[in-house]
Amino acid sequence: MKNDDPNENNPFKISPSPSTSTPFPSPPEFFKELKLKTEMVSDAEKPNKALEAMEEILNERQSIRVYMDTCTKCGACAESCHYYLGTNDPNNMPAHRVDLFRKVYKKHFSIEGKLLGPLVGAEKMDSSVLEEWYKYFYSCSECRRCSIFCPFGIDTAEVTMAAREIMLRVGIGTKYANEIISKVHKIGNNLGIPELAFWSNLEFCIEEIRDTMGVSVNLPGTKKNPTDEIAQAKIGAEILYVPPSADLFVNIDTQIGAMLIFHAAGADYTMSHSASEAANFGLFQDYADLKAINKRIVDEAHRLGVKKVIFGECGHAWRAFKNITEKWNGQLNFEIEHIFQYTERLIQLGKISLDKTQITQLVTLHDPCNYARGSGLLDPQRYILNQTATNFIEMDPKKTRENTFCCGGGGGMLMDELMDLRMKGAKPRAEAVRDVNAEYLAAPCAICKAQLRLAMDHYKLNTEVGGVLDLVGKAIKITKMDASNDISSKESKKKTKCSLCEKEFQSYDECANHTEKSHEISKNQADMCCEPQ
Ligand code: SF4
Ligand code: SF4
């Protein structure tokens with residue numbers, strides 16, 4: 001049949017339409033590993049049990065009550081949501097999404113709702129409400145974009161998280177997120193990578209670096225015997241590096257970039273299978289798992305006695321770690337830093353140098369929501385890209401930095417069965433990429449990378465998707481073509497020089513102490529000013 005529709009082959013011209021996507025429900029066995037207290041009750045009991053959970057959460061989280069009581073229906077948030085823009089479904093307007101929660105709140109927890117019922121939009125909790133919640137609170141990626149348009153700062157993401165937790169407590173959750181969280185608790189990371197494969201993958205990265213660059217970098221671990229298959233994290237290393245596990249499996253170039261940065265800087269770093277996952281899916285659904293997953297890394301950092309934990313490219317991982325670690329898991333004996341902050345400082349101090357001519361593609365940058373609105377990490381990655389690529393261009397400022405659009409797959413929604421919704425939600429981000437004709441989209445988050453590679457294909461854009469570190473790894477100048485640059489070796493630790501006054505020391509620690517005190521600079525900068533001899 002003849003195709004008369006000129007728009008049919010242009011995915012950007014397809015009109016928004018509601019999505020029928022819903023997540024596959026979690027089977028009971030995936031609830032068993034959760035740290036959240038759940039009750040696998042019958043369908044008939046779920047509404048009442050959900051109300052009990054709702055009451056508990058309302059008592060714990062005052063902010064949710066405030067959000068229930070403040071919306072004036074001004075409409076300022078309506079067009080801020082990528083899922084509303086992609087589906088035109090009124091329930092995907094942020095205020096309507098919150099209304100799904102608010103109507104139950106009014107009916108059961110407000111005097112006016114109890115007295116006036118439907119006249120004030122109150123509606124009782126029942127199984128059809130729970131079905132609606134399941135669909136629409138899993139049509140929100142908790143990106144918080146709506147919150148910056150709301151004059152009262154109503155944060156729909158928090159309401160979504162509360163609704164998801166209430167549902168989980170009565171046995172309603174997604175197979176995707178529950179399975180992932182179970183893998184973290186049982187095996188140690190989202191992808192279920194066992195310890196042998198973890199170290200093997202790191203050795204694979206080392207071979208790749210050797211084959212492609214002729215550079216020999218050290219394994220960020222130790223082996224008692226060279227023939228041992230499994231290495232161990234280095235006790236007493238300066239730095240513990242924690243990437244998302246996807247970097248050891250799918251985004252190998254991101255991991256290689258990080259390893260080259262540490263190598264070129266002569267950093268004393270280690271990695272550990274017990275801290276092999278930066279991502280924290282607890283953030284997407286419940287506080288108990290959020291805290292427990294975070295604690296795994298804190299405990300490992302303390303066991304190893306590291307001075308610093310550096311996180312890799314993952315938006316929600318960084319938000320979860322930066323914002324809750326100290327508050328929820330006690331006194332820390334280490335500092336926290338993002339790999340972008342660390343790399344920016346290394347470049348500024350001349351500890352690593354880059355050859356921009358290696359990166360000639362037109363590069364643009366996607367701001368993951370959890371960097372931009374969840375943790376204020378906006379500038380180091382821009383500084384790095386400006387130093388790394390010849391042609392770095394920003395997208396429309398209405399769609400970047402704090403205004404960034406979600407990739408469409410965040411918030412625990414990167415499931416195959418939500419593909420229709422995910423692609424509809426990715427449209428605003430794809431439009432912004434198209435508008436600058438980018439050849440490389442730096443998307444520094446494991447979830448964003450996975451989602452945006454599919455979105456670029458869906459919207460027929462010839463744009464490569466990767467990380468910021470991937471580019472650094474390609475542009476970095478390695479001056480010492482062997483691993484002797486690594487100050488983790490005992491030899492190099494013995495002879496260290498302060499780069500500010502040229503004074504020599506017998507150990508790295510002595511040098512760092514001297515630099516910090518004598519030159520009155522911060523501990524972080526002091527670390528960078530000690531050069532192995
Ligand atoms: S948090 Fe993001 S996905 Fe959720 S309603 Fe607001 S804009 Fe939409
Ligand atoms: S912007 Fe805020 S107050 Fe206005 S409709 Fe949206 S949530 Fe309600």
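Computed from the coordinates by the stated procedures, all read-outs in this text should not be read as laboratory data. This structure is a prediction, so every number in the text was calculated from the model and none was measured. FYI the Cβ positions are ideal-geometry reconstructions off the backbone, even for glycines, and counts take in every protein chain you see.
Out of the GluC sites (Glu not before Pro) in the stretch 69-141, which ones are loop residues according to DSSP with at most 16 other C-beta atoms within 10 Å?
Working: sites: GLU79, GLU112, GLU123, GLU131, GLU132; in loops: GLU123.
Loop-located and lightly packed - none at all.
At full extension, SER42 and GLU439 could sit 137.7 nm farther apart than now, given 0.36 nm per residue minus the alpha carbon distance. Helix 46-60 axis versus longest C-alpha principal axis of the chain: approximately 60°, rounded to the nearest ten. Ranked by the mean number of other Cβ atoms within 10 Å of their residues, highest first, the peptides 47-57, 82-92, 445-455 fall in the order 445-455, 82-92, 47-57. For the pair GLU402 and SER15, how long in nm is the line joining their label points, each one 7 Å along Cα→Cβ? Label at GLU402, label at SER15, 3.6 nm between them.
The loop-placed trypsin sites (Lys or Arg not before Pro) in the stretch 216-251, going by DSSP, that have at most 16 neighbouring Cβ atoms within 10 Å of their Cβ come out as LYS223, LYS224. Taking a ≥ b ≥ c as the square roots of the eigenvalues of the alpha-carbon gyration tensor, the stretch 11-173 is classed oblate because a/c is 1.5 or more while a/b is no larger than b/c.
Relative to the longest principal axis of the Cα atoms of the chain, the long axis of helix 195-213 makes an angle of roughly 60 degrees. Which of the three applies to the stretch 186-277, rounded, prolate or oblate, going by the alpha-carbon gyration tensor with a ≥ b ≥ c and a/c under 1.5 meaning rounded? Here the stretch 186-277 falls in the rounded category.
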